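To keep things clear, I will list the structure first and then write my remarks on it.
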């Protein structure tokens with residue numbers, strides 16, 4: 001027996017050594033391979049050696065984390081967390097100039113405005129992430145675009161660290177905590193529809209949620225050793241964290257308030273009918289504090305009240321059930337894809353965890369869960385999920401700016417915790433009620449996690465795998481737009497699909513960008529002369545779009561040709577721009593091209 005134990009410990013130490021060395025080598029390889037140009041896929045652009053080293057580290061993390069105990073288990077979980085943090089932080093490791101070609105560019109513009117004093121911080125609805133990036137830039141001397149990416153990395157690390165710590169605070173179960181740590185590696189809240197691994201405040205608020213839940217769990221379970229005359233240390237930190245989540249993104253703060261209200265509601269019920277919630281510290285003060293901060297901060301911003309009014313108006317005007325989902329299905333089918341396959345790619349792992357979480361919540365409400373703390377928290381979260389799913393349904397019905405997928409991202413944080421705990425209970429059942437030994441059951445669960453990781457890692461970033469192009473922003477693209485803005489004269493920009501407004505936000509700052517008339521529509525969105533399909537030729541563009549500059553990046557060109565399979569804009573159309581009378585290429589740097597359009601007969 002002692003010999004078996006010694007042999008097992010030697011195997012664990014050897015595996016961990018291989019895992020950490022593999023990961024260190026992978027990180028060095030990634031750091032030594034900065035992109036030379038725009039990368040359509042971050043997966044294809046990153047050296048295979050990185051993926052091999054990270055895969056080895058994650059395999060070690062899963063199997064040692066499930067089979068070992070004590071220090072080897074903790075080291076394995078650290079290995080897994082650092083490994084997935086490296087994957088989620090590839091734009092930082094590989095020295096991308098910036099990452100996020102849509103909303104993130106506008107957020108970069110807002111950060112520039114705050115840094116320059118053009119925009120008072122209190123006038124932005126969600127200044128939290130921007131302020132952190134500015135402080136990082138000031139403290140380290142790094143450029144603001146890179147500071148934004150490092151800020152994202154910090155929030156991602158917060159998610160990976162506090163998800164298992166929250167589970168520990170709730171269950172005091174080492175196996176459930178280990179499974180929660182491994183479940184966090186799946187990044188189920190990130191769906192690349194409305195929640196992205198890039199500078200995007202609603203995503204950062206979701207990544208911040210496990211810290212709020214951890215503090216709430218410690219507060220409720222009276223984890224502080226010393227009671228203060230007024231409040232507790234954990235209560236004070238929780239109040240700060242609650243304020244922070246409002247400043248990071250009020251929509252997700254509203255969801256946190258729903259969770260807090262569910263806790264208070266169940267505590268009130270427990271006072272009359274009894275239950276595990278009576279053993280917890282009353283949560284009313286924390287809920288009222290968050291509600292007060294939210295009420296003071298949010299209504300004073302037009303953007304927040306406008307979104308609420310739009311939702312109510314669209315609900316009252318009639319059902320538009322899943323309009324954007326229907327449109328997405330049509331778009332995917334038109335480029336040769338399947339919406340069903342895409343759903344499986346993005347949500348198959350989430351569906352499994354939703355089922356596990358549902359079983360745990362059901363067991364909690366039926367009194368089938370033995371531990372009192374776990375029973376209470378399964379009921380807290382289960383009750384909160386009812387209105388949260390209700391909001392998801394409302395957003396889905398009106399199809400308002402894909403907010404239902406933001407809502408789903410928040411929900412999946414709770415589901416990840418509940419699902420991991422349910423999986424721990426299922427692991428116990430496998431070893432006690434079947435012929436499987438404890439070791440075989442852990443191996444089976446380990447294999448399942450490897451499969452889920454293999455399904456999850458390819459969906460962490462946008463790529464052709466999910467019929468999207470990478471959001472990589474190269475320095476050549478930014479330089480191209482900077483020069484174009486400086487030398488364009490009075491003629492506005494014309495885009496291929498977009499107007500270029502996001503780029504001008506990032507370069508000039510949001511306030512100046514929106515105060516100047518720089519964009520003049522796009523070839524795709526024109527109602528009078530859409531230059532798509534057979535109309536996408538240099539001659540057609542020159543004939544119908546006089547006195548403008550046609551500007552586009554290499555991302556747009558590669559996206560249309562290689563991802564969308566030339567559906568709207570084909571390769572020959574792009575080539576025809578160079579030889580058409582009335583079109584003069586005035587700028588090209590490998591990442592950006594601009595043509596001056598002159599009227600022709």
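Quick notes
- Within this structure, residue 578 fails the test of being surrounded by 19 or more Cβ atoms within 10 Å (Cβ to Cβ) and closer than 28 Å to residue 464 by Cβ.
- All told, residue 565 meets the bar of being within 36 Å of the chain's Cα centre (by Cα), more than 19 Å from residue 483 (Cα to Cα), exposed (fewer than 15 other Cβ atoms within 10 Å of the Cβ) and in contact (Cβ under 8 Å) with a residue 12 or more places away in the chain.
- Filtered residues of the stretch 437-477 (kept if assigned to a loop (DSSP other than H, G, I, E, B) and surrounded by 15 or more Cβ atoms within 10 Å (Cβ to Cβ)): 460, 461, 462, 463, 467, 468, 469, 470, 471, 474
- Listed by position, the helices (runs of 4 or more DSSP H) inside the stretch 64-118 whose residues that are touching a helix residue (DSSP H, G or I) at 6+ places or on another chain (Cβ under 7 Å) and without any contact (Cβ under 8 Å) to a residue 24 or more places away in the chain number at least 1 are 103-116.
- If you filter the stretch 23-63 down to residues that are in contact (Cβ under 8 Å) with a residue 40 or more places away in the chain, closer than 24 Å to residue 591 by Cα and more than 24 Å from the chain's Cα centre (by Cα), you find that the one that is surrounded by the fewest Cβ atoms within 10 Å (Cβ to Cβ) is 37.
Each row is one residue, and each column tells you yes or no for (1) closer than 16 Å to residue 296 by Cα; (2) surrounded by 21 or more Cβ atoms within 10 Å (Cβ to Cβ).
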| residue | (1), (2) |
| --- | --- |
| 240 | yes, no |
| 260 | no, yes |
| 263 | no, yes |
| 272 | no, no |
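- The residues on offer are 196, 208, and the sole one that is under 23 Å from residue 453 (Cβ atoms) and out of contact with any strand residue (DSSP E or B) (no Cβ under 7 Å at 6 or more places or on another chain) is 196.
Each row is one residue, and each column tells you yes or no for (1) in contact with a helix residue (DSSP H, G or I) (Cβ under 7 Å, 6 or more places away or on another chain); (2) touching a residue at least 60 places away in the same chain (Cβ under 8 Å); (3) closer than 30 Å to residue 36 by Cα.
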| site | (1), (2), (3) |
| --- | --- |
| 412 | yes, yes, no |
| 437 | yes, no, no |
| 462 | no, yes, yes |
| 483 | no, yes, yes |
| 486 | no, no, yes |
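- Residues of the stretch 478-497 satisfying the condition of being closer than 18 Å to residue 562 by Cβ and buried (at least 18 other Cβ atoms within 10 Å of the Cβ): 496
- Pick from the stretch 279-295, criterion under 17 Å from residue 246 (Cβ atoms) and in contact (Cβ under 8 Å) with a residue 40 or more places away in the chain, ranking: surrounded by the most Cβ atoms within 10 Å (Cβ to Cβ): 290
All of the numbers you see were taken from the coordinates with simple rules; none came from a lab. Note that the structure is predicted; figures quoted are calculated from it, not measured. Quick reminder, even Gly has a Cβ in these numbers, built from the backbone with ideal geometry, and neighbours come from all protein chains shown.
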